[in-house]
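Structure, as structure tokens:
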Amino acid sequence: MLAAPRPVAGGGPIGAAIVSGMLTAREVHDLYCEHFEDRRKERQLLSTASFFVTFAAVRAITHAIRAERGPFKNITPGGRHIHHMTFGITGLLTVGYLWLLEIGIDEHRNASRLTSIAYGSGAALTLDEFALWLNLADDYWNKQGRESIDAVVLFGSLLSLSVLGKSFFAELVHRSRAGHG
């Protein structure tokens, strides 16, 4: 049986099902293994999840930096501002190179998971500054910065549509209502 990521109690419908006692962690694990046995399907799910989590986190951090709240600061070695897009591009290049070497696409499940998460995060960091590379201007907070949000929504939608895990979540909800309600 596959070793699936452990679900976190309190996190969305999965966590709610576990907390309320409708499904056990073992039942969720078994459903996960059943629906994401194929590494490609699991990579799609993990890439999509890391894309949206990274996008939300980076937006929260950039708003905190702008408001001068919390420990976050711009990265400016030698006075040059390093945009988070740089880390996204570096991440995407690294994942692409690893996949060329067939690391993360073979039988090693953990490498597959890690490169998928890195891919989603790299894509989010890069597309969050889409307006910068489209307009060659730092317009993150201007009207043109909206182009970044549009790019994230379009790519995020594509990732979401590619996730073939819809049946997993549908069955999870069905089982939690039918057998344990």
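Numbers at a glance
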| item | result |
| --- | --- |
| Test result for Arg177, more than 14 Å from the chain's Cα centre (by Cα), at pLDDT below 90 and within 25 Å of Val28 (Cα to Cα) | yes |
| Scan of segment 65-96 for residues that are among the small types (Gly, Ala, Ser) and either exposed (fewer than 14 other Cβ atoms within 10 Å of the Cβ) or farther than 21 Å from Ser121 by Cα (or both), ordered by number | Ala67, Gly70, Gly78, Gly79, Gly96 |
| Residue within segment 74-87 that is at pLDDT below 90, among the polar types (S, T, N, Q) and either over 17 Å from Gly145 (Cβ atoms) or touching a helix residue (DSSP H, G or I) at 6+ places or on another chain (Cβ under 9 Å) (or both) present | yes |
| Among the candidates Leu98, Leu125, residue that is within 24 Å of Asp150 (Cβ to Cβ), in a helix (DSSP H, G or I) and either not hydroxyl-bearing (Ser, Thr, Tyr) or not assigned by TED's automatic domain parsing to the domain that holds Ser148 (or both) | Leu125 |
| Val58 vs. criteria surrounded by 14 or more Cβ atoms within 10 Å (Cβ to Cβ) and either in the same structural domain as Leu132 (by TED's automatic domain parsing) or polar (S, T, N, Q) (or both) | yes |
| Any hit, segment 108-125, residues being over 19 Å from Arg40 (Cα atoms), within 18 Å of the chain's Cα centre (by Cα) and at pLDDT 90 or above | yes |
| Candidates Asp139, Asp150 - the one that is outside any helix (DSSP H, G or I) and either modelled with pLDDT of 70 or more or among the aromatic types (Phe, Trp, Tyr) (or both) | Asp139 |
| Close pairs (7 angstrom Cβ cut-off, 6 or more residues apart or separate chains): not assigned by TED's automatic domain parsing to the domain that holds Arg109 in segment 21-33, aromatic (Phe, Trp, Tyr) anywhere | Leu31/Phe168; Tyr32/Phe168 |
| Restricting segment 126-150 to residues that are under 15 Å from the mean Cα position of the chain (by Cα) and not polar (S, T, N, Q), the residue that is farthest from His63 (Cα to Cα) | Leu127 |
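The values are calculated or read from the model by the stated rules, or taken from the named source; none is laboratory data. On a predicted model such as this, the values are computed, not experimentally measured, just so you know. Cβ: placed from backbone, ideal geometry, glycine included. Neighbour counts: every protein chain shown.
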